[in-house]
Each structure stands twice: as C-alpha cells, then as structure tokens.
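Trainee: Here it is, the structure in full.
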Amino acid sequence: MGKIAHKKVFITASVPTQCEYASSPQYAGGLNRVLAENGIPPVKSCLELFSWADRKFVPSCYELEPFEGKDVVFCGAWKHAAPVCPQPRNKILVYMGNGTISQRKMLKEILSAFSDSNDSVYIAGTGLERKTFSNIQIAPHFDFQALLPQALLFIHHGGQNSMVDGFIYGVPQLICPGKVFERKYNANSIVKAGAGIELPYQKFTGKQIKAAFQEIISSPRYQENTVKLGAVLTSMGGTSKIIEELLLCRAGSV
C-alpha cells in the first residue's frame, strides 16, 4: 500500500524475512494479481515486498543477523533490563510457547530432567494449570523480567523476544525451535555465538535436557558470550534509534 500511495515505508526486518533465506514462489499468485491491478511489476516471492521498504529496522545486531544494505538499521534490544543486583543464580526458566513440542511433552521431560535438582524451576505456558512439585512451579504466566536476573538457564522455543531477553539478562539458553524456520535461525545464531545449545525436537528428552544443562553450567564461556552480546544489544539505541531515523527521514536528511 505504501508503494501504491507513494509513501515512505518503514518496517522491522530480520534475516529469515529475506528472499535469500526463505521464499515460496508458489504463494505469490494472489499478490501478483493485486500488483498487476496497480501497475506494479510481479514478484517471485512475497518476501520481495520487504526489500521495497525505505528503512528496515532490525531489533538485533549484526553478530546475530548479518545482512547488509544502506537501508538496514540495527537498533538492538527494544527494552533494557532492569538493574541487576548481585544475587545467586539458582533458577531455571522454561517457556516453549506454541510449536512442535506439546505442553504435555514439555512438562513430562522438564519434570524428568529437574525433579531432583537443587535449583528452582519455573515453567510457564498458556493453559497450564498452576501447580507446585517440590522445586518446580508451573503456571500460565510468571514475571520472567523479575526472575531472569536470578536465572542460570533459559529453556525456550527460539522466539525473538525470548532470545533477546536471555541476552540482556546474561542468561545462557537451551533452545528447541522445532520445525519453525525463524526459530531455527535464532537457535543457530545463539549456538554460533557460543551463548547456548540447540536441542532438536526429536531429542527433547529429560536425559538430553539435563546433559545440555550440565554442559552449559560447567563452562563459563556460555555466560561470558551471553553477557557480551547482551551488552551489544543494549548499546544500540533501541526505540530511540528508530525515532532518530524517522526524524531524519522526515527532515529529508537521509
């Protein structure tokens, strides 16, 4: 619509939204009919629309999403972690969202992995019944912003928000992205950064989860790399960087 109306367009972008990463030309038929009606040449993929934007704001950093372009603006995390007071890290946080791993499977394997742990485990998920099993608490929702400063591991599905939260609070991550391509990319980025471990959904078992946890807590490099990237993400301006770019565009400076 922006192109049709000859208006500037600003979007959020990521590597998985680039044609070079993933595209499905077979789904472009309906879009091309609309484009033809408005005198716009056809596209090979719906993802080409992202390339038309005047500015692409990336809520990440180059180290995690390395792609180029004069219209690409990395702005890092859109929120900042609350000041963290020195305190023991003795919590394991779990949030798998909606995806390949069912809530039932997730509960079974997490209980198997950590029911005998000395650490406190918090499992959040839509529709979960509030329960407590010794060191394990289950609920539809927890205030993870309050818990993350005390966490030594964050187990999640690879969503962008979860990934960034882990980084800005310096928490190593165990990711099971399942079959979702964007989450798989995020998981791969975390592994490449040395900030966590990816667990294929076929290996989401109590035994494998516990083994990955032991590897992460036994090697300081996971937290060191996490803290390093968290500092990068929080130094890039966030929403202030976006506002700055918008004002520059409005003034015609860029």
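Trainee: Can you tell me which of Val121, Val84 is among the β-branched types (Val, Ile, Thr), on the phi < 0 side of the Ramachandran plot and at pLDDT below 90? Even if it seems obvious, please write down each step before you answer.
Mentor: Values: Val121 fails: at pLDDT below 90.
Testing whether each residue is among the β-branched types (Val, Ile, Thr), on the phi < 0 side of the Ramachandran plot and at pLDDT below 90 leaves just Val84.
Trainee: Same structure again: Looking only at the range 138-165, count every residue that is under 22 Å from Thr17 (Cα atoms), of a type in the set (Gly, Ala, Ser) and in contact (Cβ under 8 Å) with a residue 60 or more places away in the chain and tell me the total. Spell out how you get there, then give the answer.
Mentor: Taking the range 138-165 first, the residues under 22 Å from Thr17 (Cα atoms) are 156-165.
Next, only the ones that are of a type in the set (Gly, Ala, Ser) stay: 158-159, 162.
With the extra rule that they be in contact (Cβ under 8 Å) with a residue 60 or more places away in the chain, the set shrinks to 159, 162.
Qualifying residue count for the region: 2.
Here is a yes/no grid of residues against (1) over 17 Å from Leu174 (Cα atoms); (2) in the same structural domain as Ile190 (by TED's automatic domain parsing); (3) not in a loop (DSSP other than H, G, I, E, B):
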{"residue": "Asn98", "(1), (2), (3)": "no, yes, no"}
{"residue": "Arg104", "(1), (2), (3)": "yes, yes, yes"}
{"residue": "Ser112", "(1), (2), (3)": "no, yes, yes"}
{"residue": "Asp116", "(1), (2), (3)": "yes, yes, no"}
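Trainee: How many residues does the range 106-131 contain that are of a type in the set (D, E, K, R) and surrounded by 15 or more Cβ atoms within 10 Å (Cβ to Cβ)?
Mentor: First, the residues of the range 106-131 that are of a type in the set (D, E, K, R): 108-109, 116, 119, 129-131.
Checking which are surrounded by 15 or more Cβ atoms within 10 Å (Cβ to Cβ) leaves us with 109, 119.
Final tally of qualifying residues: 2.
Trainee: Could I ask something else about it? Identify all residues within the range 20-40 that are assigned to a loop (DSSP other than H, G, I, E, B) and either modelled with pLDDT of 75 or more or of a type in the set (Val, Ile, Thr) (or both); write none if there are none. Walk me through how you get there before you give the answer.
Mentor: Taking the range 20-40 as the starting set, the residues that turn out to be assigned to a loop (DSSP other than H, G, I, E, B) are 20-24, 28, 38-40.
The answer is Ala28, Asn38, Gly39, Ile40.
Trainee: Would you be able to say whether some residue in the range 192-201 is touching a Pro at 6+ places or on another chain (Cβ under 8 Å), modelled with pLDDT of 95 or more and in a loop (DSSP other than H, G, I, E, B)?
Mentor: Yes, the range 192-201 contains at least one residue that is touching a Pro at 6+ places or on another chain (Cβ under 8 Å), modelled with pLDDT of 95 or more and in a loop (DSSP other than H, G, I, E, B).
Trainee: Hey, another quick one. For a quick check of your reading of the model, give me the residue pairs whose first member lies in the range 227-254 and is over 22 Å from Ala151 (Cα atoms), whose second is in a helix (DSSP H, G or I), with beta-carbon atoms closer than 6 Å and at least 6 apart or on different chains.
Mentor: Val254/Leu248
Trainee: Every residue in the range 125-183 that is β-branched (Val, Ile, Thr), over 20 Å from Ala77 (Cβ atoms) and not in a strand (DSSP E or B), please.
Mentor: Those that are β-branched (Val, Ile, Thr), over 20 Å from Ala77 (Cβ atoms) and not in a strand (DSSP E or B): Thr126, Val180.
Trainee: Among the residues of the range 169-198, count how many are of a type in the set (A, V, I, L, M, F, W, C), touching a Ser or Thr at 6+ places or on another chain (Cβ under 9 Å) and surrounded by fewer than 24 Cβ atoms within 10 Å (Cβ to Cβ).
Mentor: Looking only at the range 169-198, we keep the residues that are of a type in the set (A, V, I, L, M, F, W, C), and these are 171, 174-176, 180-181, 187, 190-191, 193, 195, 197.
Next, from what is left, pick out any that are touching a Ser or Thr at 6+ places or on another chain (Cβ under 9 Å): 171, 175-176, 180, 190, 193, 195.
Next cut, surrounded by fewer than 24 Cβ atoms within 10 Å (Cβ to Cβ) only: 180, 193.
Qualifying residue count, the range 169-198: 2.
Trainee: Quick check on my filter: what residues within the range 202-231 are aromatic (Phe, Trp, Tyr) and part of a helix (DSSP H, G or I)?
Mentor: Residues of the range 202-231 aromatic (Phe, Trp, Tyr): 204, 213, 222.
The answer is Phe213, Tyr222.
The values are calculated or read from the model by the stated rules, or taken from the named source; none is laboratory data. No experiment lies behind these values; they were computed from the predicted model shown. Methodologically, a virtual Cβ is constructed for each residue, glycine included, from the backbone with ideal geometry; neighbour enumeration extends over all protein chains shown.
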